[in-house]
Amino acid sequence: MKRIAIIGAGSWGTALALVAARAGNEVRLWAHSAEVVDGLQRERENKIYLPGFALPDSISATKDLSEALADAEIVLTVVPSHVCREVYGQMLPYLHSEAGAQTIFVNATKGIETETQMRMEEVVRDVLKDKFEPRYVMLSGPSSAQEVARDEPCAIVAASHSLGWATEVQQALSSSRFRVYTNNDVVGVEIAGAIKNVMAIATGAVNGLGLGYNSQAALVTRGLAEMTRLAVKSGGRADTLAGLAGMGDLVLTCFGALSRNRRVGVELGRGRKLEDIISEMREVAEGVKTAKAGHALATKLGVEMPITTGVYQMLYEGKTPRELELELMERPLKSERV
């Protein structure tokens, strides 16, 4: 049994709290919103972000970061990428150097920081570097919060530069219905987890235009090629992109009915404005910000990513989904080789 602090009580944070509790751990679930915490404490259910799933007694809810982090052996952060730096900064006063250096920090956020183009590992290390070098693990892979909460079979990846840290997380979270694999390619796993959300927006737009599976399959496949190029250029491995954190998560996010990023694309394809779509969503569609960060990172590294660039232009420069479709199809002919 581990003492696990989960920082972020959206749908995925709450689902991971259920996973950790089912695996026999003591879980403290932190939420920024007093309304969410009050509901978790009084009704033992997250009626705002993940209704219909009762919390077992092994999960306690709090709005107090010091209470959530006290004696935690694993700190699992599940917050939007654009507030990751801020949240770790808020946690910093409660992470004492000696104890903090022994804690495993697990990140389940999939994104790239817009201003710096840093991956989440780089952000976490940047915030904590003056106190200690964090024992860092990235948690990623094809995982819908609703299906995980229903305890349907799921397989994901715990990636770390240290196999020992990844294995500790694997053992702490795995159960007969939730299978965790280990991987030592943090860069590849994080790039895949971020950029697949951009591809989901593009795939959704194709669907919203009324196009069929031929178009969607072509886009997803070429999207995987883009993800692989960026991952390898950033220092990751191509084979990681063929695994759960790459192809697995890409397929789920591009075709899953519960995908927020796909939903944004579908509505854009139908002609709606981005601002109107976002205003109706309770939780963040990470691909919207990642399109900007991914485009900037690709430009900086000199990586050709036409789909990512097209989604960036569609979201921020007024390009229509139909114009993006025509532009991608009319590019100069070339070899398929990545």
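The values are calculated or read from the model by the stated rules, or taken from the named source; none is laboratory data. Keep in mind that what you see is a predicted model, and the values were worked out from it rather than measured. Cβ: placed from backbone, ideal geometry, glycine included. Neighbour counts: every protein chain shown.
Among the residues making up the stretch 1-55, those that are closer than 19 Å to LEU258 by Cα and surrounded by fewer than 16 Cβ atoms within 10 Å (Cβ to Cβ) are LYS47, PRO51, GLY52. Among residues of the stretch 312-338 that are touching a residue at least 60 places away in the same chain (Cβ under 8 Å), those with a Cβ under 7 angstrom from a residue that is outside any helix (DSSP H, G or I), sequence gap 6+ or separate chain, pair up as PRO321/LEU209; ARG322/LEU209; GLU325/LEU209.
Consider the stretch 73-100 and keep the residues that are out of contact with any helix residue (DSSP H, G or I) (no Cβ under 9 Å at 6 or more places or on another chain) and more than 18 Å from ASP126 (Cβ to Cβ). The one that is surrounded by the fewest Cβ atoms within 10 Å (Cβ to Cβ) is GLU98.
If you filter the stretch 56-72 down to residues that are more than 30 Å from MET118 (Cβ to Cβ) and touching a residue at least 40 places away in the same chain (Cβ under 8 Å), you find that the one that is surrounded by the fewest Cβ atoms within 10 Å (Cβ to Cβ) is ILE59.
Would you point out which residue out of GLY246, GLY193 is farther than 22 Å from LEU315 by Cα, in a helix (DSSP H, G or I) and in contact (Cβ under 8 Å) with a residue 24 or more places away in the chain? I'd like the intermediate steps shown before the answer.
On the way: GLY193 fails: farther than 22 Å from LEU315 by Cα.
Testing whether each residue is farther than 22 Å from LEU315 by Cα, in a helix (DSSP H, G or I) and in contact (Cβ under 8 Å) with a residue 24 or more places away in the chain leaves just GLY246.
Just one residue in the set ALA158, ALA192 is outside the structural domain of ARG260 (by TED's automatic domain parsing), at pLDDT 95 or above, in contact with a helix residue (DSSP H, G or I) (Cβ under 6 Å, 6 or more places away or on another chain) and not charged (D, E, K, R); that residue is ALA158.
When the residues of the stretch 111-156 are filtered to those that are assigned to a loop (DSSP other than H, G, I, E, B) and in contact with a strand residue (DSSP E or B) (Cβ under 6 Å, 6 or more places away or on another chain), which remaining residue is surrounded by the most Cβ atoms within 10 Å (Cβ to Cβ)?
Step one: filter the stretch 111-156 for residues assigned to a loop (DSSP other than H, G, I, E, B), giving 111, 113-118, 129-134, 141-144, 150-153.
The next check asks that each one be in contact with a strand residue (DSSP E or B) (Cβ under 6 Å, 6 or more places away or on another chain); those that pass are 134, 141, 143.
Working: PRO134: 22, GLY141: 26, SER143: 22.
Only one residue tops the list, namely GLY141.
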